[in-house]
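One structure below.
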Amino acid sequence: MTMNNQGSPTATGAGQTREPATISGDRGMDHEERLIFELGRPGMSGVDIPRVEIAESRLAGQRRKGPIGLPGLSEPEVVRHYVRLSRMNYSIDAGLYPLGSCTMKHNPRLNEKLARLPGFGDLHPLAPLSAAQGALALIGELMRWLTALTGMPAVTMVPKAGAHGELCGMLTIRAAIAARGEQRPRVLVPESAHGTNPATATFAGFTVDEIKATPKGRVDVAALEAKLGPDVGAVMLTNPNTCGLFERDVLRIAQLVHKAGAYFYCDGANFNAIAGRVRPGDLGVDAMHINLHKTFSTPHGGGGPGAGPVVLSAALAPFAPLPLLVHDASGFRLIEDRDEVPAGARPFGRMCAFHGQMGMFVRALATMLSHGRDGIRQASEDAVLSANYILASLKDAMSAPFEGPCMHEALFDDEFLHDSGVTTLDFAKAMIDEGYHPMTVYFPLVVHGAMLIEPTESESKESLDRFIRVLGTMALEAKAGKRERFEGAPRLVPRRRLDETAASRKPVLRWKPKEMPKAAE
Ligand SMILES: *Cc1c(COP(=O)(O)O)cnc(C)c1O
C-alpha cells in the first residue's frame, strides 16, 4: 500500500490540485514526478546505437511504419524517475507502519540475502527435479515447521496469498463434503470477518450466513449454535479475531461445529499473536491458511508477492490440491498427476501452474531458523505487548470499544471524535502529515469509525512512545476543535486527499497520451 496511490497528475479525480507557489512545480525534496511516457522524447535513448547501413532492397516490407510508443530518456533520467517514484512510497523500511490486520513487520536483511542465493533465486520453475532437490528439501523443511507450529498433520504449500489459501481450504472442504455424498451449501461467517472470508465462501459455491457478535466483540455462541444444521458445510472464524480479541469459546465452537458434521475453517492471518504459544490443531481447527508474508516477515503490500500455505486436519488432508511434494528413497518429487497420487489421496484439483512462491518460502524458513521455536513465541508475545502498550497509553486520549487487554492489535472507535467535526478518515489522513502511514480504518465493520493499530514486535519502546505521543496530541487537538488541521489532510505530500467518490464512480484506469503515436502495423 502506498501513501500516494496515484501515479500521474492526469490520472486523478477531483480535488487533486497541487499547492501552488513554486517555480519548478516541486516543493523542496517533494518532487512532482510525471509519467515516464510524458518525460520521454522521440529519438532520445539511454545508449548510443551504432548506425547500420542496410540497403533499402533488403528491408523490403520490414521497415517500421510508425513510432513504437516507447519513451526515450537518458540513463540518469530513467534512474531519477524511478528513485523519485520510490521515495513517494511509504514502507516499513521508512517508518512505523501500523496498518491493522496486515502485520507490517521488519524483514531482516539476512532473509533477503538467503532468498537471493543463486540456487534459490535463479532456479527455473521448469528445471528438472534432479536440479531442484535443494529447493524441494527447503519446502519440505518449511512444511515440517508449519505443521509443528500449528499442531496439524498436513499442509499444502500451493496457495499464493491469504485469500488464495482461504479458497484452497474451502475447496478442500467442498471436496470432503462431496466425498461423503452430502449437500451442505451454507457457511457461517461472523459479522466482524475480513471481507475475504464471505467472498471466498461465495466464490467456492457456498451461501454465506452471518453470525452476530456479542457486545464484548466476540462470536455469539448461542447465535452460532442456533444457525448450525445439516446444511452447514463450514464455519469460518478468525482467531484472534479482527477486533484484536481472542475467541475464548473456540473449543466449544469447534465442538458444536463438528457435532453438526461441519468443518472448522480458521482464518490464520492473525497467527502473529499466537505463533509458538497456541497450536490451532489443539483448538479443533480443520483448515487454516497462514500468511507467510505477514507472520513470517516477508515484505508485502501494494500487491506484492505473498504465500498462503494451508494446514489441514486428518479429515481434510486427502483432498489437498496438486502438486503434492513427496520424499522417498529416490529423493524429493512433485506429484503432478491424479493417477500417481498415493493411496487414499483424492486431490480436489489444481490451483496454479507452479508449486509455491519460492522467495517467500526461503524468507519464512530463514525467520523460523533464526528465531527458533522459543524466539517465535517471544516475537508473538512482544507483538501482543506492543499492542497492549498502545491500547493502555491511548485509550483515554482516544476511545476503545471493548474492555480489557487485546491481542496483537489495538482497536479504537470514533467516540472520542464525537462532536469534534473530525472523522476517522480526517484523523488517519492527518497522520500522514506527521510522517506515519495511517492505521487500518473503518474495519472491522462492527465498530463505529474503527481504527485498528498493529505495531508488531519490530518496534522499539522509543518508537512506540513517539507514536503514542503524536497520536495523543492529535487526539487532544481534534477534541479542542482544531478542525482545520484535519480537514483536507494530508498537506505535506505530492497529492492531497483523493475524492473517493469520484475515484470509485469515475475511475481513470488508463493514461492516454494527448496524441497517440501511430502503432506499428
Ligand atoms: C490479510 C488478511 C487476509 C487476506 O490475506 P491476503 O494475503 O491479503 O490475501 C484474510 N484475512 C485476514 C484477517 C487478513 O488480515
Does the stretch 380-403 contain any residue that is surrounded by 15 or more Cβ atoms within 10 Å (Cβ to Cβ), of a type in the set (A, V, I, L, M), touching a residue at least 24 places away in the same chain (Cβ under 8 Å) and farther than 30 Å from residue 442 by Cα?
no
Qualifying position, being at pLDDT 95 or above, out of contact with any Gly (no Cβ under 8 Å at 6 or more places or on another chain) and buried (at least 17 other Cβ atoms within 10 Å of the Cβ), among 471, 452
471
One residue is enough: does the stretch 311-327 have a residue meeting the conditions in contact with a helix residue (DSSP H, G or I) (Cβ under 7 Å, 6 or more places away or on another chain) and over 28 Å from residue 234 (Cα atoms)?
yes
For the stretch 178-192, does any single residue satisfy the condition of being more than 19 Å from residue 299 (Cα to Cα), within 16 Å of the ligand (Cβ to nearest atom) and surrounded by fewer than 22 Cβ atoms within 10 Å (Cβ to Cβ)?
yes
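Quick one: would you say residue 224 is over 20 Å from residue 311 (Cα atoms) and part of a helix (DSSP H, G or I)?
On the way: over 20 Å from residue 311 (Cα atoms): yes; part of a helix (DSSP H, G or I): yes.
So residue 224 passes the test.
Mind checking which residues of the stretch 425-458 are more than 20 Å from residue 195 (Cα to Cα) and among the hydroxyl-bearing types (Ser, Thr, Tyr)? If you could, list the steps in order and put the result at the bottom.
We begin by selecting, within the stretch 425-458, every residue more than 20 Å from residue 195 (Cα to Cα); these are 426-437, 455-458.
436, 456, 458, listed by residue number.
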How many residues are in contact with a Leu (Cβ under 8 Å, 6 or more places away or on another chain) and assigned to a loop (DSSP other than H, G, I, E, B) if we restrict to the stretch 113-138?
1
On the given criteria, is residue 203 surrounded by fewer than 20 Cβ atoms within 10 Å (Cβ to Cβ), among the hydrophobic types (A, V, I, L, M, F, W, C), within 16 Å of the ligand (Cβ to nearest atom) and farther than 29 Å from residue 352 by Cα?
no
Any chance you could count how many residues in the stretch 102-115 are surrounded by fewer than 20 Cβ atoms within 10 Å (Cβ to Cβ) and closer than 30 Å to residue 192 by Cα?
1
Identify, please: which residue in the stretch 498-521 is of a type in the set (D, E, K, R) and modelled with pLDDT of 90 or more and is, among those, nearest to residue 32 (Cα to Cα)?
506
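Filter the stretch 148-167 for residues that are in a helix (DSSP H, G or I) and not aliphatic (A, V, I, L, M); which is farthest from residue 277 (Cα to Cα)? Lay out the reasoning, then the answer.
Filtering the stretch 148-167 down to residues in a helix (DSSP H, G or I) leaves 148-150, 162-167.
Those left that are additionally not aliphatic (A, V, I, L, M): 150, 162, 164-166.
Details: 150: 10, 162: 21, 164: 26, 165: 22, 166: 23 Å.
Per the criteria, the residue is 164.
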Residue that is farthest from the ligand (Cβ to nearest atom), among those in the stretch 251-304 that are under 22 Å from residue 373 (Cα atoms) and among the hydroxyl-bearing types (Ser, Thr, Tyr)
297
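The values are calculated or read from the model by the stated rules, or taken from the named source; none is laboratory data. Values in this document were obtained by computation on a predicted structure and should not be read as measured data. Positions of Cβ are generated from backbone atoms using ideal geometry, with glycine treated the same way; all protein chains shown enter the neighbour counts.
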